[in-house]
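Rule-based calculations on the coordinates, nothing more; no lab input. Everything numeric here is computed off the predicted structure, so don't read it as measured data. All Cβ positions, even for glycine, are placed from backbone atoms using ideal geometry, and neighbour counts span all protein chains on display.
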Amino acid sequence: MATMHPAHEIPAVLATLRRAPARAGVLSVYLDTRPERVANAAYLLAFRDACKEIRHQVPADQREPFELARLAAERFLTDDFVPGGPGVAVFAAAPPGYLHAVALPSRPLDEVTWSDRPALAALQAVLDDHERIAVALVDKSRVRLFSVFVGAIEEERDFKDYVPGRHRTGGWHLLSQTRAQRHHDDLVAVHIRRVIATLMEMLRSRPFDHLVVAGPDEAISLLRHMLPRPLRARLAATLHLELFAGEAEILRAVERVRQETERAHGLRVVEELVGAAATGQAAVGLAATLAALAEGRVFRLVVSDALTAAGTRCTRCGRIAAGAGACPACGGQPGRPSSLRDLLVEEALAQGAAVEIVQAEAAERLAPYGGLGAFVRYAAVTTDAADSEPVAASPLPATG
């Protein structure tokens, strides 16, 4: 019986798939499994229809491994898959035991491809979109801390410190009241320092990208004032949540912050890319980006999630090209057509470059440049002004 990995294990699944590719070909499956599609088996029908289209285009020497992979994936989807989330990704191949399935925290587009390597760009995009977020629900004596990753709470910490209430007295007791207030404030500060120390320990054990806080104004004001630079730099928002908010409410609030943060980050990255291209510090457009990758100059690749063009890798020199023609560099024969986006992402990661997959408004801003660009280590010796122009690319064939 095949098991499905939870969404927070996506990094481990990605590492496994990159470390042990199947030689005979891999069937990569992304399916929308929202409740309404599960109820009428629409996700299963989408899988079967896509496999029918692929079957007609698979070369004769690939038909047997394709059928074995298809049967393995269908067996998982019909017998072992337990719906419960918005999406699922399945990777199957002919060798026995090669089946990897992982839950997705957000709805994917239905996509089924057959290629030499697993189609991992969409899975990588999930990690880009769902950075780890720490949540601190704080008052003057109690705290609840959470680590949220790919749509789920992966860790929770909870503690309470002794902080006596304020004593409201007057007259002859004014001096005593002042001392009690100072003692109260000192204990609150000790509590906040403990909160900060715990957050710093979480940052070391489970590095997070953003911090969101919630609680009474006085406690949050003190926390913000005392935050050290590593935490202050990650502070993304103050939420309107009660200390004892339920997990579902916390996740909904965090998701709103995540979406807004990701939207702003994507737009900022694309604006920086376009600006850097004017000074030779970035390449934009298909030709310039492919050249930068081929020359090993890319340190940060930026790709639109709407990039659906087909691409190939030269069987002689390994260079990536759009379409399926002969290699423009050495004239070698192209390999099997695949997703250009997947080829670019895998090549960038193999070179140690970072990858940004942008969507929504950021993808629209990148569209005039073919949905593609890269920050480079140094400018090319020669440049072609046409590289920054929009490039029309052929659509990805059903064979992936």
If a/c stays under 1.5 just call it rounded; otherwise compare a/b with b/c (prolate if a/b is bigger, oblate if not). Do that for the stretch 4-119, with a ≥ b ≥ c from the square roots of the Cα gyration tensor eigenvalues.
oblate
What is the spin-label model distance, in nm, from R23 to E364 if the labels are put 7 Å beyond Cα along the C-beta direction?
4.9 nm
As an exercise, use a Förster radius of 45 Å and the Cβ-Cβ distance of L349 and D217 to find the FRET efficiency, rounded to the nearest 0.05.
0.55
At a Förster distance of 56 Å, what's the computed FRET efficiency of L109 paired with R179, Cβ-Cβ distance as r, to 0.05?
0.30
In the neighborhood of S141, defined by Cβ-to-Cβ distances under 11 Å, what is the net charge if each Lys or Arg adds +1 and each Asp or Glu adds -1?
+2
Starting from 0.36 nm per residue, how many nanometres of slack lie between T198 and A306 once their C-alpha separation is accounted for?
34.8 nm
In what sequence, highest mean first, do 27-33, 11-17 appear when ranked by Cβ atoms within 10 angstrom?
27-33, 11-17
Nearest-ten-degree value, helix 63-75 long axis tilted from longest Cα axis of the chain:
30 degrees
Which value in nm describes the separation of the simple spin-label points at E255 and L187, placed 7 Å from the Cα toward the beta carbon?
4.0 nm
Mean separation of Cα contacts under 8 Å (6+ apart) over length of the chain, as relative contact order %
15 percent
Computed over the chain: longest principal axis from alpha-carbon atoms vs helix 340-350 long axis, angle to nearest 10 degrees, is 60 degrees
If you compute semi-axes √(5λ) of the Cα gyration tensor in Å for the structure shown, which of [x] 33, 26, 21; [y] 48, 27, 16; [z] 34, 30, 19 do you land on?
[y]
For the chain, what is the mean residue ellipticity at 222 nm derived from helices alone (per DSSP H run of n ≥ 4: -39500 (n - 2.57); sum divided by total residues; nearest 500 deg cm²/dmol)?
-12500 deg cm²/dmol
Taking the Cα of A324, stepping 7 Å toward and past its beta carbon, and measuring to each backbone N in the stretch 34-72: which are under 20 Å?
50-67
Multiply the residue gap between R316 and Y378 by 0.36 nm, knock off their C-alpha separation, and tell me the result in nm, one decimal place.
19.7 nm
Pop a pseudo-label 7 angstrom from the Cα along the beta-carbon direction at both D116 and A39 and give the gap in nm to one decimal.
4.5 nm
For the F159, R224 Cβ pair and Förster radius 25 Å, calculated FRET efficiency rounded to 0.05 is 0.80
